[in-house]
1. Can H162 be described as without any contact (Cβ under 8 Å) to a residue 12 or more places away in the chain, of a type outside the set (F, W, Y) and in contact with a helix residue (DSSP H, G or I) (Cβ under 9 Å, 6 or more places away or on another chain)?
2. Run down L65, L85 and say which single residue is among the hydrophobic types (A, V, I, L, M, F, W, C), touching a helix residue (DSSP H, G or I) at 6+ places or on another chain (Cβ under 8 Å) and modelled with pLDDT of 95 or more.
3. For the stretch 132-163, give me each residue that is buried (at least 20 other Cβ atoms within 10 Å of the Cβ), out of contact with any Phe, Trp or Tyr (no Cβ under 9 Å at 6 or more places or on another chain) and part of a loop (DSSP other than H, G, I, E, B).
4. List pairs: first in the stretch 204-233 and under 20 Å from V258 (Cα atoms) and open to solvent by less than 30 Å² (accessible area, probe 1.4 Å), second of a type in the set (K, R) and part of a strand (DSSP E or B), Cβ under 9 Å, 6+ apart or cross-chain?
5. May I ask you to list the residues in the stretch 238-263 that are open to solvent by less than 40 Å² (accessible area, probe 1.4 Å), in a strand (DSSP E or B) and among the hydrophobic types (A, V, I, L, M, F, W, C)?
6. Just need a number here: residues in the stretch 94-115 that are modelled with pLDDT of 95 or more and not aromatic (F, W, Y).
Amino acid sequence: MRLLFVSDTHLGFDLPARPRVERRRRGHDFFRNFELALAPALAGEVDAVLHGGDLLYRSRVPAWLAEAALAPLKRVASRGVPVLLVPGNHERSRVPYPLLGLHERLHVFDRPKTVVLEARGVRVAFSGFPYARQVRAAFPALLAATGYASAQADVRLVCLHHCVENATCGPGNFTFRHGDDVIRSADLPRDAAAVLSGHLHRHQVLRPAGAPPVLYPGSVERTSFAEAPETKGYLVLDFSHSGLERWEFRPLPARPMVVREVELEDADVEEARARLGAAIDSTPADAVVQLRLRAPPRVELWSVLQASSLRAMAGERNVSLGAP
């Protein structure tokens, strides 16, 4: 079986229904990369799709956004490719407007359950549950509630939206080791072919001793400047009767994120405008840019630092002002 694994699409991020300001919206970037990630499924190149959670950027969303977010998955399902969806913490462990997600080939882990799919002569059991608080203590019981142990399959997979011990994130490579929201590697079932998890936005593969590999595809777009150096994408995995045969990380065209420091202490209004413009022009034409002043600005410079002034210099970029 060939599986496409995508996660943390955060659809709806910077996508208001009635924008008050005319500017480039980052919300379209997230939808675009989600569609690009699903392209192999629509082309019939994979046998199933797993979404690892945080389909949406928050739990309370209008119906039009929930429908737009589910639509790409339902298109895949309508092509005959089964889709599995793990609700994440941003959805508060549930998909809003669940009736919009009804489809015979769209399987939502709205509670602990196991879904068995067969393709290319291989039966694969997908066992998962929605995001759970204090999962460290609850994980053994949640896994048992899925029916993991009794599923009749050649390959067993655990589908999550959680931090697993020794996963990392952030520019300082923070490592998750302890805490109520971290699953112990020792608690992972040893007979699983792999653990497939969303939640962390950095693509990584953990190989805990005596436990199955843990694969994170990461997010499809950069959601903060902490993710600026990270490559975004999705995973394609091949399973045989022997388990996980191979996996491939496929990058997506995430927009570059760039920080520029600007010195304005000795500048008048026109010189400040020129320096800000030069800093913006030094970045890629489609960049997400943060300008950081080396010192707090004088009152007479506030007009050139307003959002409307920065937008006038931005072009197709998204430009914001960071703290000194």
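1. Considered against the rule, which asks whether it is without any contact (Cβ under 8 Å) to a residue 12 or more places away in the chain, of a type outside the set (F, W, Y) and in contact with a helix residue (DSSP H, G or I) (Cβ under 9 Å, 6 or more places away or on another chain), H162 comes out as no.
2. Numbers: L65 fails: touching a helix residue (DSSP H, G or I) at 6+ places or on another chain (Cβ under 8 Å).
Being among the hydrophobic types (A, V, I, L, M, F, W, C), touching a helix residue (DSSP H, G or I) at 6+ places or on another chain (Cβ under 8 Å) and modelled with pLDDT of 95 or more holds for just one of L65, L85, which is L85.
3. Hits for the stretch 132-163: nothing passes.
4. That search, which allows pairs on different chains as well, returns G233/R250.
5. Across the stretch 238-263, the qualifying residues are F239, M257, V258, V262.
6. From the stretch 94-115, those modelled with pLDDT of 95 or more are 103-115; that's our starting set.
Checking which are not aromatic (F, W, Y) leaves us with 103-108, 110-115.
Within the stretch 94-115, residues that are modelled with pLDDT of 95 or more and not aromatic (F, W, Y) number 12.
The values are calculated or read from the model by the stated rules, or taken from the named source; none is laboratory data. The model shown is predicted, which means the values in this text are computed figures rather than measured ones. Cβ sites come from the backbone with ideal geometry, for glycine too, and all protein chains shown count toward neighbours. Please note that ligands, DNA and RNA were not included when accessible areas were found on the heavy atoms of the full protein model with its side chains. Shrake-Rupley method; radii C 1.70, N 1.55, O 1.52, S 1.80 Å.
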